[in-house]
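Before any comments, here is the structure.
The values are calculated or read from the model by the stated rules, or taken from the named source; none is laboratory data. Bear in mind the structure is a predicted one, so any value in this text is a computation, not a measurement. Methodologically, a virtual Cβ is constructed for each residue, glycine included, from the backbone with ideal geometry; neighbour enumeration extends over all protein chains shown. Calculation scope for accessible area: heavy atoms of the full protein, side chains included, ligands and nucleic acids excluded. Shrake-Rupley method; radii C 1.70, N 1.55, O 1.52, S 1.80 Å.
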Amino acid sequence: MSRSSVFAASVVVGVLVAGCGAKPVPPTGPVDLPAKPADFVDVFTWSQGVPAGARPLSTVFKGPHFSYGFGALAVRPELDESSGGLEAGPARAASGHEFLVLYRLQGDDTFAPAPQTPLAVDVVVGATRKRLPKPLERGTGLIVSVPVGADATLEVTDDKPYQFSVRNGTGGTPPSTSDNAPAKAGVTQVRWQDGTYRGNGNYQGQRTSGPLAVTLELGARSELATTLPGIGAAPARQLWLRLPDAKISTDDADLKLDLARSVSLMLATGKQASTRQSTSGLLFTVPDSFTSGVLTVEPQFPVTSTARWAQKPETKQIPLLPG
């Protein structure tokens, strides 16, 4: 073998040996996340507050037997652990698409009577309709893939279809005005002598406990009618009774009480009136022969609250009289 051939062979062997001991070079550039289908819809668990990059909301979407309080909305090209991606899987939207992410935070304390049968809940994007894969409970979020700039509609079928714009965070009855609107002509009134309640109790929470002072104000207005603005028509042979200014509070800003659960109405017949969901104040259905009744104030925490009464505040009864 010539000297030049020996030298060339030595170079080749040296390169191979060096290559065997070299560490792999990591790829440069962003990791290519898997893409979700263009019609992707999912519900994921979210126990935190408003995530970074999301727009805070204070919107209630409701019907006779459902009520969703949405706390945040985000538009994202990708999903990750900060947006619910740990459960849905880190991913990017399909080509020409983006994700709308609607958050129903854990602190949603809105209330509505439970339906006798599960309600149909769909997501509509353009001509595509998909059934929600699982309930949109408190502490969950909704992810919908839409064409860039397009909207998705959350539709709940109760006594009729109720629709909510996911991109705009609006739909149904606007909570800021509907329950405070003046009643239509012909609406009658009920009255009371003392609509103020103050009580004291002791509560036990997961991390705190102690005394808690409760205040309830019925306000000055009442409405008794077959139809009310923002509510619609009452069931057959019944009336709406609404106290739109009623509110309940405590001396601890971190502890909320559920107004609808804290006040019940006993009719003159001895039967309890049905409490209905309302974005503000109190709302009951009463017989069309209703003239009087008795409100019982018994402060209650929301069903989702971890706080419980160790010593309940005293109750109070407030007679309602014909206006």
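Tabulated results
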{"item": "The range 136-142 - phi-based ³J(HN,Hα) in whole Hz, Karplus 6.51/-1.76/1.60, Gly and Pro as x", "result": "8, 7, 4, x, 10, x, 10"}
{"item": "Heavy-atom accessible surface of the range 33-171: percent carbon and sulfur, 1.4 Å", "result": "52 percent"}
{"item": "Long-range amide H partners of Ala310 with built H, under 5 Å", "result": "Asn202, Tyr203, Gln204"}
{"item": "Debye equation applied to the C-alpha atoms of the range 33-171, log10 I(q)/I(0) at 0.11, 0.16, 0.20 Å⁻¹", "result": "-0.36, -0.77, -1.22"}
{"item": "Residues of the range 231-301: accessible area per residue with a 1.4 Å probe, Å²", "result": "45 Å²"}
{"item": "Cα gyration tensor, the range 188-319 - rounded (a/c under 1.5), prolate or oblate", "result": "prolate"}
{"item": "Stokes-Einstein D in µm²/s, Kirkwood radius over Cα pairs - the range 82-145 at 37 °C with 0.692 mPa s viscosity", "result": "236 µm²/s"}
{"item": "Given Lys247/Lys312; Lys62/Lys160; Lys256/Lys316; Lys62/Lys247; Lys160/Lys271; Lys271/Lys316, the pairs whose alpha carbons are separated by over 21 Å", "result": "Lys160/Lys271"}
{"item": "Built amide H within the under 5 Å cut-off of Ala35, gap 5+", "result": "Arg92"}
{"item": "Amide H contacts under 5 Å for Tyr162, placed H, 5+ residues apart", "result": "Val156, Thr157"}
{"item": "DSSP-loop trypsin sites (Lys or Arg not before Pro) across the range 255-289, with at most 14 other Cβ within 10 angstrom", "result": "Lys271"}
{"item": "Karplus (6.51, -1.76, 1.60) ³J(HN,Hα), θ = phi - 60°, over the range 221-228, in Hz, Gly and Pro reported as x", "result": "9, 9, 9, 9, 7, 6, 9, 10"}
